[in-house]
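Colleague: Quick one: the structure is below, questions incoming.
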Amino acid sequence: MDRTLKVYTKTDHLFAEFVFTYDHARQAGGRYTQYRRLYNDDEEDDNKSVFPLMETNLYLTFIQFDSIDKIKAYDIDIVKKELGRDMTDPAASYKYVYDPQPVLLRYIAANHRETVGMINILFSFIDNTKEVKFLSGTNPRYDYDLTADSLETNISCILRIPVYTDRDIREISSHDLKRLPPWY
């Protein structure tokens with residue numbers, strides 16, 4: 001369910017970018033950046049130039065969705081709630097876009113005793129694909145791969161990864177994760 005929604009005005013200028021994250025079990029959050037046009041309506045603007053106006057954190061209630069269409073409707077409601085006062089046109093005239101280009105997220109799993117490993121998550125929310133690769137910090141034979149759909153959060157995929165230590169099998173704690181910036 002981790003995703004990025006871009007909202008465009010009817011003139012194709014970027015109005016806002018919402019990033020929804022689920023970094024802990026049964027917790028939702030994120031941030032959004034609101035943009036303003038660089039030029040006015042009466043000035044020529046072929047490049048659709050914008051500049052960041054404001055960035056704000058989102059504190060959301062966790063909801064487990066059962067379809068991408070429900071997530072889309074939820075996201076549009078969040079946009080209206082957060083930025084409806086700044087929308088100069090009716091909300092239906094804005095374009096809501098989830099980029100189909102896959103995003104690579106990388107997490108480092110480490111605690112005060114050891115580096116557990118690295119997790120690569122390549123996903124495309126709108127294409128409903130997610131590939132998770134765990135690279136063990138102790139031995140390559142403990143590497144682990146899994147696939148999921150966009151309805152499963154990154155953290156729930158990470159919690160399914162078995163970590164082998166001595167003779168025990170345990171799971172990665174969400175508090176031991178450091179999320180690196182995304183790669184588009």
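The values are calculated or read from the model by the stated rules, or taken from the named source; none is laboratory data. The structure presented is a predicted model; accordingly, all values stated were derived computationally and were not measured. Note that we place each Cβ from the backbone using ideal geometry, even for glycine, and neighbour counts take in every protein chain shown. Please note that ligands, DNA and RNA were not included when accessible areas were found on the heavy atoms of the full protein model with its side chains. Shrake-Rupley method; radii C 1.70, N 1.55, O 1.52, S 1.80 Å.
Colleague: Determine if the range 157-165 includes at least one residue that is open to solvent by 60 Å² or more (accessible area, probe 1.4 Å) and farther than 17 Å from Pro100 by Cβ.
Modeller: Pass one, the range 157-165, residues open to solvent by 60 Å² or more (accessible area, probe 1.4 Å): 160, 164.
Add one more test, that the residue is farther than 17 Å from Pro100 by Cβ, and what stays is 160, 164.
For the range 157-165, residues open to solvent by 60 Å² or more (accessible area, probe 1.4 Å) and farther than 17 Å from Pro100 by Cβ: present.
Colleague: Another one. Quick check on the range 110-133: of everything there that is in a strand (DSSP E or B) and farther than 28 Å from Leu5 by Cβ, which residue is most open to solvent (accessible area, probe 1.4 Å)? Give the steps one after another, and end with the answer.
Modeller: Step one: list which residues in the range 110-133 are in a strand (DSSP E or B), which gives 110, 115-124, 129-133.
Those still in the list that are farther than 28 Å from Leu5 by Cβ too: 110, 115-117.
Numbers: Ala110: 37, Thr115: 83, Val116: 10, Gly117: 5 Å².
Among residues in the range 110-133 that are in a strand (DSSP E or B) and farther than 28 Å from Leu5 by Cβ, the one most open to solvent (accessible area, probe 1.4 Å) is Thr115.
Colleague: Also, I was wondering about something else. Applying the selection to the range 47-85, what residues are free of Cβ contacts under 8 Å to residues at least 40 places away in the same chain and part of a strand (DSSP E or B)?
Modeller: Within the range 47-85, Val50, Phe51, Pro52, Leu53, Met54, Glu55, Thr56, Asn57, Tyr59 qualify.
Colleague: In addition: Please specify each residue of the range 37-50 satisfying the condition of being open to solvent by 80 Å² or more (accessible area, probe 1.4 Å) and either at pLDDT 85 or above or polar (S, T, N, Q) (or both).
Modeller: Passing the criteria: Asn40, Asn47.
Colleague: Test Asp75 against the criterion of being under 23 Å from Ser124 (Cβ atoms) and open to solvent by less than 30 Å² (accessible area, probe 1.4 Å), and give yes or no.
Modeller: On the way: under 23 Å from Ser124 (Cβ atoms): yes; open to solvent by less than 30 Å² (accessible area, probe 1.4 Å): yes.
Taking the combined requirement at face value, the residue satisfies it.
Colleague: Separate question: So if I check each of Lys133, Lys81, which one is modelled with pLDDT of 95 or more and of a type in the set (Lys, Arg)? Break it down into steps so the answer makes sense when it comes.
Modeller: On the way: Lys81 fails: modelled with pLDDT of 95 or more.
Only one candidate passes the filter, namely Lys133.
Colleague: On to the next question. Looking only at the range 27-34, decide whether some residue is among the hydrophobic types (A, V, I, L, M, F, W, C), modelled with pLDDT under 85 and closer than 26 Å to Tyr107 by Cβ.
Modeller: Here is the first cut: in the range 27-34, the ones among the hydrophobic types (A, V, I, L, M, F, W, C) are 28.
After this cut, where a residue has to be modelled with pLDDT under 85 as well, the list is none.
Looking for residues that are among the hydrophobic types (A, V, I, L, M, F, W, C), modelled with pLDDT under 85 and closer than 26 Å to Tyr107 by Cβ, one finds none in the range 27-34, hence no.
Colleague: Only one residue in Ile108, Ile126, Ile161 is under 15 Å from the mean Cα position of the chain (by Cα) and either at pLDDT 90 or above or not basic (Lys, Arg) (or both), so which one is that?
Modeller: After applying the criteria, what remains is Ile126.
Colleague: Taking Pro182 and the conditions (1) over 29 Å from Phe15 (Cβ atoms); (2) surrounded by 13 or more Cβ atoms within 10 Å (Cβ to Cβ), which numbered condition does it fall short on, given that it satisfies the others?
Modeller: Evaluating Pro182 over (1) over 29 Å from Phe15 (Cβ atoms); (2) surrounded by 13 or more Cβ atoms within 10 Å (Cβ to Cβ) leaves (1) as the failure.
Colleague: Further question on the same structure: If I filter the range 12-32 down to residues being surrounded by fewer than 16 Cβ atoms within 10 Å (Cβ to Cβ) and of a type outside the set (A, V, I, L, M), which single residue comes out as farthest from Glu55 (Cα to Cα)?
Modeller: Arg26
Colleague: So, one more: Taking the residues in the range 90-109 that are assigned to a loop (DSSP other than H, G, I, E, B) and open to solvent by 40 Å² or more (accessible area, probe 1.4 Å) as candidates, determine which candidate is nearest to Lys130 (Cα to Cα). Break it down into steps so the answer makes sense when it comes.
Modeller: To start, the set of residues in the range 90-109 that are assigned to a loop (DSSP other than H, G, I, E, B) comprises 90, 94, 98-102.
So of that shortlist, the ones also open to solvent by 40 Å² or more (accessible area, probe 1.4 Å) come out as 90, 99-102.
Numbers: Pro90: 34, Asp99: 14, Pro100: 12, Gln101: 12, Pro102: 9 Å.
Among those that are assigned to a loop (DSSP other than H, G, I, E, B) and open to solvent by 40 Å² or more (accessible area, probe 1.4 Å), it is Pro102.
Colleague: Related question: I need every pair where a residue in the range 143-164 that is under 23 Å from Lys70 (Cβ atoms) and without any contact (Cβ under 8 Å) to a residue 40 or more places away in the chain has its Cβ under 7 Å from the Cβ of a residue that is open to solvent by 40 Å² or more (accessible area, probe 1.4 Å) and not β-branched (Val, Ile, Thr), sequence separation at least 6 or different chains.
Modeller: Matching pairs, first to second residue: Thr147/Glu131; Asp149/Asn128.
Colleague: If a residue has to be under 17 Å from Arg31 (Cα atoms), open to solvent by less than 70 Å² (accessible area, probe 1.4 Å) and out of contact with any helix residue (DSSP H, G or I) (no Cβ under 8 Å at 6 or more places or on another chain) to count, how many in the range 55-71 make the cut?
Modeller: 2
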